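**Student:** Please read through the structure below; I'll follow up with questions.
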Amino acid sequence: LKTLVNDVLDLSRLDQQCETLRLAPVDLNELVQTVVAAHEAGAETRNLSLTFAPAPDLPMVQGDHEKLIRVVTNLVANALNYTSAGRVAVRTWLNSEQHTLCCEVQDTGCGIHAEDLAHLFDRFYRGKRDQAPPVPGTGLGLSIVKELVSLHGGTVTVASEAGAGSTFTVCLPVS
């Protein structure tokens, strides 16, 4: 209930454009490493491999550290929740053609049905298909991710196939 209330309050602030960013230079590798480290014990308990492959010498990104932590945390937690066996791999890289820093979260989980992909970032959407494993949630996490990434001038995309895992990619403009 607390998570639902907090998520709804966050979305309300985003809707009313009351959400302000405290922009500062952010080391994306350090931020992602912090999130991965926070989830390592949970992954180990479930016999899942959780790895992080940081790109060397990434430039800083201008961002709100706390909001970007929330973005990466949501994606890593979702990947772990929807993966019953296998791995979750996180990596960063510089897309020099688009002048963006990217973070990818890839899992070997249950994947997402093609019919659900178009609605994945909609509020309260949890998919119309059977989920294996069943995962509780509000259906607000990915919509919050999309809103926060958009506030940073970035993009979030997903590639997935039912039964074959998912890959979420966040790209943010280089400072």
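**Student:** Taking the Cβ of ARG22 as the centre, find all other residues whose Cβ is under 10 Å away and add up their charges (Lys, Arg: +1; Asp, Glu: -1).
**Tutor:** Working: positive: LYS67; negative: ASP64, GLU66.
Net charge around ARG22: -1.
**Student:** Could you do me a favour and compute the accessible area per residue for region 17-117, 1.4 Å probe, result in Å²? It would help to have the intermediate numbers written out before the result.
**Tutor:** Working: 5270 Å² over 101 residues.
That works out to 52 Å² per residue.
The values are calculated or read from the model by the stated rules, or taken from the named source; none is laboratory data. All figures in this text were calculated on a predicted structure; none of them were measured in a lab. All Cβ positions, glycine included, derive from the backbone under ideal geometry; neighbour counts span all protein chains shown. Surface accessibility is based on the protein's heavy atoms, side chains included, excluding ligands, DNA and RNA. Shrake-Rupley method; radii C 1.70, N 1.55, O 1.52, S 1.80 Å.
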